[in-house]
Amino acid sequence: MFKNSTLALGAAMAVGLTFAASAETVIKVGHGAAEAFHMHRALVKFEELVEAGSNGEIDVQIFPSSQMGPDREMIEGVQTGVLEMAIPPSSFFAGWDPAFAVIELPYMYASKDIAFDVLDSEAGEAMLARVEDQGLVGLGWLELGVRNVTNNVRPVASPDDLEGIKLRTMKVPAHVATFETLGANPTPMNFGEVYSALQQGVIDGQENPLAIITSQRFYEVQKYLSTTGHVFAVYMPVISKPFFDELSAEHQQLIRESMAAARAYQAEIVAAEDAAQLEEIRASGVEVLELTAEQRKAFADKTESVRLQYREEVGAEAYDAWVAAVAAASGG
């Protein structure tokens, strides 16, 4: 569906090659988040575990902050073997396989725990397996977080309050459809451009988890935050399948186990920092509106049409399997 656009990766690749003289295997890992973000810190744990577990035979090199290009380009880089690993949001894979859109549909999960139960279920394992057709191996899930709306126009307490707000979204059709349905003016944009676009008034607002709002310092250029909790999003770490298949069974297992340990470490960070991040945003002068369950339900009800529309888009079999897994995890 997408053209390969790996030229943008070239200059950054050259940097990594000079460091790896002593290791037999180099794994370059690209992602779009800042170094302060919990996912990057979890990846540093992954790097430590892989390098120690392989006795230095594997050299993991992490390139944060979109140094390897936007998420779609990084996925293409892994598909073509220019990059060994990338950590994109799972929703980007919907560009190749529509089934992936189901993971981040609005108000799909009543809680983060339920979302992870689904991701760790047979339905989640089946989703991971689907990327093998794209020349990739899925290594599990890392938290991106619960997405919330910030803007410079007005406090958002109900769907009506989003009317006409020019809101940056990811380049994910389901996210765009969600905010169109809620009355906003969704504006897809690469992540690295968001701060300056907010600063210059090109857009009114954006939507991201608290940890990204703080690590990217979006609170410096926003007046209002509402805990809409509209999407729970995850990263899906992927590694080149031809590259992974050439590794020894021991090194393959080490990489999988190290990623699982990195996720557990990330969960500890997130649990420790969530409340503090909301206070940091509030202390910066942003007006914070913590929505009640009843207020959130108004957003969930208004976006039901988006969820149903995507049953056809995703494919009834994949969609129904996911919804059934959600129901099972919810005790339904």
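Please treat every number below as a calculation from the coordinates, not as lab data. A quick note: this is a predicted structure, and the numbers were derived from the prediction, not measured. Virtual Cβ from ideal backbone geometry, glycine too; neighbours counted across all protein chains shown.
Taking 0.36 nm per residue of separation and subtracting the Cα-Cα distance, full extension of the segment from residue 257 to residue 195 would add 18.8 nm. Here's the picture: charge each Lys and Arg Cβ at +1 and each Asp and Glu Cβ at -1 in the chain, and of 149, 231, 215 the one pushed furthest to the positive end of that dipole is 149.
Taking each residue as 0.36 nm, the span from residue 294 to residue 267 lengthens on full extension beyond its C-alpha to C-alpha distance by 7.0 nm. Mean separation of Cα pairs under 8 Å and 6 or more residues apart, divided by the residue count, gives the chain a relative contact order of 24 percent.
In the elastic network of the chain, a GNM with C-alpha springs shorter than 10 Å, the most mobile of 241, 223, 302 is 302.
Ordering of 196-209, 30-43 by packing is 30-43, 196-209, highest average first (other Cβ atoms within 10 Å, averaged per residue).
Between amide H atoms placed 1.01 Å from N, distances below 5 Å from residue 84 occur with 28, all of them 5 or more places distant or on a separate chain.
Under a model in which nothing but the beta-carbon of Lys, Arg (+1) and Asp, Glu (-1) is charged, the chain shows a dipole of about 860 debye around its Cα centre.
For segment 19-63 versus segment 258-332, the spacing of their alpha-carbon centroids is 28 Å.
Positive end of the dipole of segment 239-298 (Cβ unit charges, origin at the Cα centre): among 269, 251, 240, the Cα lying farthest that way belongs to 240. Is the shape of segment 147-206 best called rounded, prolate or oblate, per the rule: a/c under 1.5 gives rounded, else a/b larger than b/c gives prolate, else oblate, with a ≥ b ≥ c the square roots of the Cα gyration tensor eigenvalues? It comes out oblate by the Cα gyration axes. Taking the square roots of 5 times each eigenvalue of the Cα gyration tensor of the chain, largest first, gives ellipsoid semi-axes of 32, 23, 19 Å.
Take the Cα of residue 120, step 7 Å toward its Cβ, do the same at residue 163, and the gap between the two points is 4.4 nm. Taking 26 Å as the limit for the C-alpha separation, the pairs 28/241; 45/112; 171/223; 45/166; 112/171; 28/223 exceed it in the case of 45/166; 28/223.
Take every Cα pair under 8 Å whose residues are at least 6 apart in sequence, average their separation, divide by the length of segment 188-332, and the relative contact order is 33 percent. Treating only the Cβ of Lys, Arg, Asp and Glu as charged (+1, +1, -1, -1), what charge dipole size does segment 216-319 show about its Cα centre? Round to the nearest 20 debye. So the dipole magnitude of segment 216-319 works out to roughly 260 debye. Taking a ≥ b ≥ c as the square roots of the eigenvalues of the Cα gyration tensor, segment 205-332 is classed as oblate, since a/c reaches at least 1.5 and a/b does not exceed b/c.
The protection proxy used here, the mean number of other Cβ atoms lying within 10 Å of each residue, ranks peptides 115-128, 79-92 as follows, highest first: 79-92, 115-128. For the chain, DSSP calls about 50 percent of its internal beta bridges antiparallel.
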